[in-house]
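Some notes on the structure that comes next.
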Amino acid sequence: MASGHALDYDHVVYAVGSTAAVPSVPGAAEYAFPIAEWEHAQRLRARLDTLPREAPIIVVGGGPTGIETAAELIEQGRAVTLVCGRALMPSLSAAGRRYVAKWLSRHGVTVIEGDTVAEVRPEAVVFADGAVRASALTIWTTGFGVPRLAAESGLRTDALGRLLTDETLTSIDDDRIVATGDAAAPSGQPLRMSGQAAGPLGAQAADTVLNHIAGTEPAVIDLALMRTCLSLGRRAGIWQLARKDDTAVNIYIGGRAGARIKEMTCKIGVGKIRREAGEPGSLGWLEGDPRPAQPASTASKVRSA
Ligand SMILES: Cc1cc2nc3c(=O)[nH]c(=O)nc-3n(C[C@H](O)[C@H](O)[C@H](O)COP(=O)(O)OP(=O)(O)OC[C@H]3O[C@@H](n4cnc5c(N)ncnc54)[C@H](O)[C@@H]3O)c2cc1C
């Protein structure tokens, strides 16, 4: 522990989650604001409160966090530019992406695709081609990173630092350690970092520990996400359907209905955690992710090899 205390264990659940990726772009760590944690959001709000309404804000990152942030700010009457890198949320279907792009431009967000920010300055960003754009506030949403704890503890991880496990979420280095949520990389093929995956994975990690204690074979992961849900301000949203392997199909629900579904999924997500806490084992999820389903012991051996 940071305090210097040591705790003995029989089993550890490694669930340290994720936070904003440490940016490698010059100036980003010093001058841009991340928004991956509660404290980041509080710091960002305090900075926003000091800015006049017309001050230019640049959100860097065209994924769900960047889109939701840009949408909330434009609804508050801010001047917002969203810099997407290659493209606006490529994981949406073409039709879903068109819908989001239209919503953003109709509400006044300037969306820049096919260009990246190469440097952040206190009052501007510099693009890859040297162009400079004024920015009173730069918000950095280019992706998540994970704590280095597993790697620093000498356990094997994927390139990002997620703990490598077999398909039962058991560490390939030590079967007393079970990883779950954003910090786990089962078979080196992690599920999308999301609350959607983390809930069921948490329940599965608990089952795996119980199996280890009982000396029985834990089950392998069988989880399908099959949807993405984004809010676009307070009154619109998009519910994008996907295949079992998490690739988008050309079906989405937008507008107010999308917003209601998004709001409902947040409530259901919290409700599921509350119910599971009160009634362990009650959590259900869509099954059928076409991951390589191998018996636990085989998976463990294959991945260790
Ligand atoms: C802005 C934003 C919007 C999001 N929106 C959605 C969404 O709409 N839908 C969706 O499905 N997902 C969404 N996500 C993703 C979702 O929040 C995460 O995927 C989910 O919280 C992961 O759960 P977790 O339990 O793995 O980790 P986390 O929720 O990250 O929890 C990890 C916990 O571990 C603690 N911890 C870390 N290191 C240590 C340590 N060394 N010792 C002790 N404790 C430690 C942390 O303090 C934290 O409490 C969003 C994320 C962000 C940032």
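The values are calculated or read from the model by the stated rules, or taken from the named source; none is laboratory data. Since we're looking at a predicted model, the values are computed, not measured. As a convention, Cβ positions derive from the backbone with ideal geometry for all residues, glycine included, and neighbour counts pool all protein chains shown. Note: areas computed on protein heavy atoms with side chains; ligands, DNA, RNA excluded. Shrake-Rupley method; radii C 1.70, N 1.55, O 1.52, S 1.80 Å.
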Restricting to Cα pairs below 8 Å that are 6+ residues apart, what does the relative contact order work out to for the chain? Please round to a whole percent. 18 percent
Using only protein heavy atoms and a 1.4 Å probe, report how much of LYS244 is accessible, in Å² to the nearest 10. 100 Å²
Would you mind checking the tilt of helix 38-49 against the longest principal axis of the Cα atoms of the chain, expressed as 0 to 90 degrees and rounded to 10? 10 degrees
Just the number please: accessible area per residue for the chain, 1.4 Å probe, all protein chains included, in Å². 51 Å²
Using a 10 angstrom cutoff on alpha carbons, build the Gaussian network for the chain and name the most mobile of GLY278, GLY181, GLY202. GLY278
Pairwise label distance in nanometres, ASP222 with THR19, each label 7 Å out on the Cα-Cβ vector: 3.8 nm
Which residues among the stretch 213-251 fall inside the zone where the amide N is under 12 Å from a point 7 Å beyond the Cα of ALA87, along Cα→Cβ? 248
GluC sites (Glu not before Pro) restricted to DSSP loop in the stretch 23-55 with at most 13 other C-beta within 10 Å: GLU37, GLU54
Angle check, please: helix 255-278 long axis (alpha carbons) against the longest principal axis of the chain (alpha carbons), in degrees 0 to 90, nearest 10. 30 degrees
At 0.36 nm per residue, and after removing the present C-alpha to C-alpha distance, how many nm does the segment from ARG133 to ALA159 gain when stretched out fully? 6.1 nm
The stretch 1-133, Rg to Rh (Cα coordinates; Rh as Kirkwood inverse mean 1/r): 1.07
In the chain, what percent of the accessible surface is made up of carbon and sulfur (1.4 Å probe, ligands and nucleic acids excluded)? 55 percent
Tell me, what is the percent relative contact order of the stretch 38-136, built from C-alpha pairs under 8 Å that lie six or more residues apart? 25 percent
Ordering 132-141, 90-99, 4-13 by per-residue average of other C-beta atoms within 10 angstrom, highest first, gives 132-141, 90-99, 4-13
Please give the direction-averaged projected area of the C-alpha convex hull for the stretch 118-205, in square nanometres with one decimal. 7.8 nm²
Mind giving me the nanometre distance, one decimal, between the label points for HIS5 and LEU149, set 7 Å out from Cα along Cα→Cβ? 1.5 nm
Which whole-Hz couplings ³J(HN,Hα) result when phi for each residue of the stretch 67-75 is put into the Karplus expression 6.51 cos²θ - 1.76 cosθ + 1.60, θ = phi - 60°, listed in order with x for Gly and Pro? 5, 5, 5, 4, 5, 4, 5, 5, 5
Could you check which residue among LEU241, LEU191, LEU48 shows the biggest mean-square fluctuation in a GNM of the chain with a 10 Å Cα cutoff? LEU48
Between the Cα axis of helix 94-106 and the main Cα principal axis of the chain, the angle (0 to 90°, nearest 10) is 40 degrees
Mean projected area, convex hull of alpha-carbon positions in the chain, reported to one decimal in nm², is 17.7 nm²
Using only DSSP helix segments of four residues or longer, with each worth -39500 (n - 2.57), what per-residue ellipticity at 222 nm results for the chain after dividing by its residue count and rounding to 500? -10000 deg cm²/dmol
